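Participant: Take a look at this one; I'll ask things after.
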Amino acid sequence: YVAAVYEHESILSPNPTALVDRQSALELMDRNLNIYEQQVVAAARQGAQIIVFPEDGIHGFNFTRNSIYPYLDFVLHSQSVKWNPCREPYLFNDTEVLQRLSCMALKNKIFLVANLGTKQPCEPTDSHCPPDGRYQFNTNVAFNDDGTLVATYRKHNLYFEYAFDTPPEPDYKFFDTPFAGKFGMFTCFDILFFEPAVNLIRQYNLKQVVYPTAWMNQLPLLSAVEFQQAFATAFNINILAANIHHPTLGMTGSGIYTPVKSYIYHNMESYGGKLIVAEIPVITTDYDTNLEEIPGRVSEKGNEQLPPIFYAEMMYDNFTFVPVWREKGEVQVCANTLCCYLNYQRAVLTDELYALGVFDGLHTVHGTYYVQACALVKCGGLSFSTCGQEVTDATAVIDFQLWGNMSTPYIFPLLLTSGITLDFADHMGWKNNHYFISKNRTSSGLLTAALYGRWYEKD
């Protein structure tokens, strides 16, 4: 099927904390919706059957609970009412944004997924009801190709979004399409947690996901395109990921991902939006993971000097590292219960420091979640203290096999190359209670090769 995602540089309110009336809020949102409309037309012309827009793309961000209120549409979260906002605009008040999105889908005969702020009055008898008598949700909506609202999803894992409420229960939302079956949906930070993202995919055996996001890149392990691809690979699904484009805030990175190929956009240099359109296969069955022999344990040759262990902060976590400074060899490093092993060979010995790092613990900055990670990274400079820094360019082409005795089945294989480009592993999978990833010759200089494990039970 042909899919489209649009990385949108949103027109932002100059003062998001100021209180404005509904009319002014609609005027700002209309400027973003006008851009959406042009992109829907362009995507439909290229044969797209579905288009996905980013999180916060219509209203922007940095609101307070009160200042966002005029920007919120009313949406009924019960799916019992079949509603076409374009054809039945009179059914509910405050649905101008939904109407416009619905009409875009209808006019262009395309499935459309977008993110907006929604409101829902609640009764004081509802124990979750906020003091001001209303819920405010960060919401994804999906319209089918005749403009009918077919699914709404309320973001569960909020990322410092004080304007919004967490829904009382996680939403498991998907919608059906004639061209690719069911699409699940969740938003941004949700991708790092079991609820609802992983549970949704597993419970309903979903093979396609739409994913609006407003993601701030964090190298070396959590840049948007790197993690989006790892997620598609780990769960063997297609992901249509639309990110917001604000390079000054570190926000870029969208793509259409299959487990074996990606069409991505990552651009920190220029401004303006970007439409990606690609034809991808519908996934119906599971790919077989290629298994191969994992080499034996590192043999300790008596006279050989073991590389020194050192500690450095990476992504706010205290990693234990060993340098990877030869042309080829095997190294290992352990922390808590996790041991990571690397077998490597460089094409040419370049003047760049690499290190193998391990972390097995609770990550506590910008969210709390348990991580088990084995990571081969390029360091920022030649001293140990630069390992873990954000690096965007590298020249060393490396063959490697990386493996670890992970305690969780949820492992995201990361493979990032110079200029924030992606590569695919040759082989990955479980063998002898170890998870491994291997690659013969990265396509360009290696930035990160990692196994990023999420141990959800220990969150």
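The values are calculated or read from the model by the stated rules, or taken from the named source; none is laboratory data. In this text the structure is predicted, and so the values were computed from the model without any measurement. Here the Cβ positions follow ideal geometry from the backbone for every residue, glycine too, while neighbour counts run over all protein chains shown. Just so you know, the surface numbers come from the protein's heavy atoms only, side chains and all, with ligands and any DNA or RNA stripped out. Shrake-Rupley method; radii C 1.70, N 1.55, O 1.52, S 1.80 Å.
Participant: From a point 7 Å beyond the Cα of SER407 in the direction of its Cβ, which residues of region 352-394 have a backbone N at a distance under 15 Å?
Facilitator: Answer for region 352-394: 359-363, 369-374.
Participant: How much accessible area per residue does the chain have, counting only protein heavy atoms and a probe of 1.4 Å, in square angstrom?
Facilitator: I get 40 Å² per residue for this part.
Participant: Quick one: how many Å² of VAL365 are accessible to a 1.4 Å probe, rounded to 10?
Facilitator: Surface accessible to solvent at VAL365 totals approximately 50 Å².
Participant: Can you work out the PRE-style zone for THR395? Point 7 Å along Cα to Cβ, and I want the residues of region 417-459 with backbone N under 12 Å.
Facilitator: Backbone N within reach: 445.
Participant: I want to check the label-to-label distance for THR350 and ASN93. Put each point 7 Å from Cα in the C-beta direction and report it in nm to one decimal.
Facilitator: About 6.2 nm separates the two model spin labels.
Participant: For LEU19, what accessible surface area do you get with a 1.4 Å probe? Give it in Å², rounded to 10.
Facilitator: Accessible area of LEU19: about 130 Å².
Participant: Using a basic spin-label model with each label point 7 Å from the Cα along Cα→Cβ, how many nm lie between LEU382 and GLU457?
Facilitator: Using points 7 Å along Cα→Cβ, the separation is 4.7 nm.
Participant: When a/c reaches 1.5 or more, the comparison of a/b and b/c decides; with that in mind, is region 1-106 rounded, prolate or oblate per its Cα gyration tensor?
Facilitator: Oblate shape, in that a/c is at least 1.5 and b/c is the bigger or equal ratio.
Participant: Now, a different point. How big is the charge dipole of region 310-458 about its Cα centre, in debye rounded to the nearest 20, if each Lys and Arg gets +1 on its Cβ and each Asp and Glu gets -1 on its Cβ?
Facilitator: It works out to roughly 300 debye.
Participant: Further question on the same structure: Across region 155-169, in residue order, what do the Karplus-derived ³J(HN,Hα) couplings come to in whole Hz, using 6.51 cos²θ - 1.76 cosθ + 1.60 with θ = phi - 60° and x for Gly and Pro?
Facilitator: 4, 9, 9, 6, 10, 6, 10, 6, 7, 10, 9, 7, x, x, 10
Participant: Tally up the carbon and sulfur contribution to the accessible surface of region 186-226 as a whole percent, 1.4 Å probe, everything protein left in place.
Facilitator: The computed percentage sits at 52.
Participant: Could you tell me the accessible area of ILE283 in Å² (1.4 Å probe, neighbours in place), rounded to the nearest ten?
Facilitator: 10 Å²
Participant: Which chymotrypsin sites (Phe, Trp or Tyr not before Pro) from region 122-174 combine a DSSP loop assignment with at most 14 other Cβ atoms within 10 Å?
Facilitator: Passing both the DSSP loop test and the Cβ count: PHE160, TYR162.
Participant: Can you bin region 156-227 into rounded, prolate or oblate? Criterion: square roots of the alpha carbon gyration tensor eigenvalues sorted a ≥ b ≥ c, rounded for a/c under 1.5, prolate for a/b above b/c, oblate for the rest.
Facilitator: Note, shape of region 156-227 comes out oblate.
Participant: Only four residue types carry charge here, +1 at the Cβ of Lys and Arg and -1 at the Cβ of Asp and Glu. Report the dipole size of the chain about the Cα centre in Debye, rounded to the nearest 20.
Facilitator: About 580 debye.
Participant: Net charge near LEU382: determine it from the other residues with C-beta under 14 Å of the C-beta of LEU382, scoring Lys and Arg +1 and Asp and Glu -1.
Facilitator: Summing Lys and Arg as +1 and Asp and Glu as -1 gives -1.
Participant: Can you give me the distance in nm between label points at ASP146 and ASP176, each placed 7 Å from the Cα along the Cα-to-Cβ direction?
Facilitator: The answer from the label model is 1.4 nm.
Participant: Peptides 198-206, 221-229, 93-101: what's the order by average Cβ count within 10 Å, highest mean first?
Facilitator: 221-229, 93-101, 198-206
Participant: List the Cys residues of the chain that have no partner Cys with a C-beta closer than 4.7 Å.
Facilitator: CYS188, each lacking another Cys Cβ under 4.7 Å.
Participant: Let me ask something additional. How much length is gained if the chain between ASP126 and SER24 is pulled fully straight, taking 0.36 nm per residue apart and subtracting their Cα-Cα distance, in nm to one decimal?
Facilitator: My answer for the length gained is 33.5 nm.
Participant: Sticking with this structure for a sec: Report the relative contact order of the chain, percent, no decimals, based on alpha-carbon pairs under 8 angstrom and at least 6 residues apart.
Facilitator: Reported as a whole number, the value is 12 percent.
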